[in-house]
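Chemist: Here it is, the structure in full.
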Amino acid sequence: DRVPDVNVLPDIISTVEFNYSGELLATGDKGGRVVIFQHEQESKNRPHLRGEYNVYSTFQSHEPEFDYLKSLEIEEKINKIRWLPQQNAAHFLLSTNDKTIKLWKISERDKRAEGYNLKDEDGRLRDPFRITSLRVPVLMPMDLMVEASPRRIFANAHTYHINSISVNSDHETYLSADDLRINLWHLEITDRSFNIVDIKPANMEELTEVITAAECHPHQCNVFVYSSSKGTIRLCDMRAAALCDRHSKFFEEPEDPSSRSFFSEIISSISDVKFSHSGRYMMTRDYLSVKVWDLNMENRPVETYQVHEYLRSKLCSLYENDCIFDKFECCWNGSDSAIMTGSYNNFFRMFDRNTRRDITLEASRESSKPRATLKPRKVSTGGKRKKDEISVDSLDFNKKILHTAWHPKDNVIAVAATNNLYIFQDKIN
């Protein structure tokens, strides 16, 4: 029997995102589905559960399509999910595949109308001549239904694959980025968007870099950043010009000539950029490290954390098996005091910015029994291996944690390991 390639299974999780309150957690997968989990309220007789996350709603967001003009298949995989701040009883989220962004409304219904005049309870129309009195319909309780309905579809604006969507702090607009362009949309208008960044050269043979990620500033609706495959970040101000081809700030760390190698350019490509909640800092993830930048200092990051430095000697084999092109994401905790990102072998790393301590944890069924404490993991880089350490050569590069999310208020994290979602919380004494 042929073992199926793990990367083509439809239930591989491709994005994870908490909503603004942390009450809901959404995941998207390669099969175009969105699964939303809801935080269950704590119960007095089972306080140790501290509220678990249970499935709230599942719906098919995107279907596979075919572009007949270019003879290209458009896969249904969900690239990103972003929640909108809650304005009423319903929840709204944006989900995107490579080409089309959709705005979904998730609402609850626990009552139904009964006692219509023109139709029976089973929905059949009544003979109008037999209606002798008027009834006032009444709302009757029913089992809770969670409905997901598409409210807007934003299509046909991207020639290349969409890698980022980000809701603006004005809660009216959002941006979407592909390899060469960034567009600004209004949430109410689907038939047009404004192109705010275009790095496509007149001659594609002169192309030297692509856009890898983009995000709006959390408080200033005119400011956004985008990162590139060359390891640079550009901060743009929409007040300066309608087309933000000229950046306001340019963040780049000078390369150490002594450490230059064949792989330098590949591993310096930024796979994710995230503003801190305060808006003062931003964090970038490249292949081997996470960097924290102060928006007021462009020439170098204020903090650099090595994620898996022990892989530097393995770059040749990681290039051959294409792992060197993996796009790891990163996230802040609610108070911006800690950051988290993923690695291989189902390991994920957490860094405390105040104490500069870091920890490696593993998300796997063997090590993650419900309510068991996670043990720190260590990787041995050569020499004599200690009892609890794992050798670099025995790391499984098919088990990778690319997508993680941190609850906006509590110490609760969500970690996607291939087709499993793990939710961890700090232990209460």
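A quick yes/no check of all residues on (1) over 23 Å from residue 272 (Cβ atoms); (2) open to solvent by less than 40 Å² (accessible area, probe 1.4 Å):
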residue	(1), (2)
62	no, yes
65	yes, no
74	yes, yes
118	yes, no
125	yes, no
128	yes, no
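Chemist: Here is a follow-up. Of the conditions (1) surrounded by fewer than 17 Cβ atoms within 10 Å (Cβ to Cβ); (2) at pLDDT 95 or above; (3) over 19 Å from the mean Cα position of the chain (by Cα), residue 327 fails just one. Which one is it?
Modeler: (3)
Chemist: Answer yes if at least one residue in the range 307-318 is under 19 Å from residue 234 (Cα atoms) and either free of Cβ contacts under 8 Å to residues at least 60 places away in the same chain or touching a Phe, Trp or Tyr at 6+ places or on another chain (Cβ under 9 Å) (or both), and no otherwise.
Modeler: The answer is no, given that none of the residues of the range 307-318 is under 19 Å from residue 234 (Cα atoms) and either free of Cβ contacts under 8 Å to residues at least 60 places away in the same chain or touching a Phe, Trp or Tyr at 6+ places or on another chain (Cβ under 9 Å) (or both).
Chemist: If the requirement is being within 18 Å of the chain's Cα centre (by Cα) and exposed (fewer than 15 other Cβ atoms within 10 Å of the Cβ), which of these qualifies: 419, 346? Don't jump to the end; show me each part of the working.
Modeler: On the way: 346 fails: exposed (fewer than 15 other Cβ atoms within 10 Å of the Cβ).
Exactly one of 419, 346 is within 18 Å of the chain's Cα centre (by Cα) and exposed (fewer than 15 other Cβ atoms within 10 Å of the Cβ), namely 419.
Chemist: Given the conditions (1) touching a residue at least 24 places away in the same chain (Cβ under 8 Å); (2) over 24 Å from residue 286 (Cβ atoms), and given that residue 343 satisfies all but one, which numbered condition is not satisfied?
Modeler: The number of the failed condition is (2).
Chemist: Could you list, in sequence order, the residues of the range 375-406 that are in a strand (DSSP E or B) and either over 30 Å from the mean Cα position of the chain (by Cα) or not hydroxyl-bearing (Ser, Thr, Tyr) (or both)?
Modeler: Scanning the range 375-406 gives 378, 379, 380, 389, 390, 391, 400, 403, 405, 406.
Chemist: State the number of residues belonging to the range 19-34 that are closer than 19 Å to residue 108 by Cβ and in contact (Cβ under 8 Å) with a residue 60 or more places away in the chain.
Modeler: Final tally of qualifying residues: 8.
The values are calculated or read from the model by the stated rules, or taken from the named source; none is laboratory data. It should be emphasised that the depicted structure is a prediction, and the values quoted were computed from it without experimental measurement. A quick note on method: Cβ atoms are made from the backbone with ideal geometry, for glycine too, and the neighbour counts reach across all protein chains shown. With ligands, DNA and RNA removed, areas are computed over all heavy atoms of the protein, side chains included. Shrake-Rupley method; radii C 1.70, N 1.55, O 1.52, S 1.80 Å.
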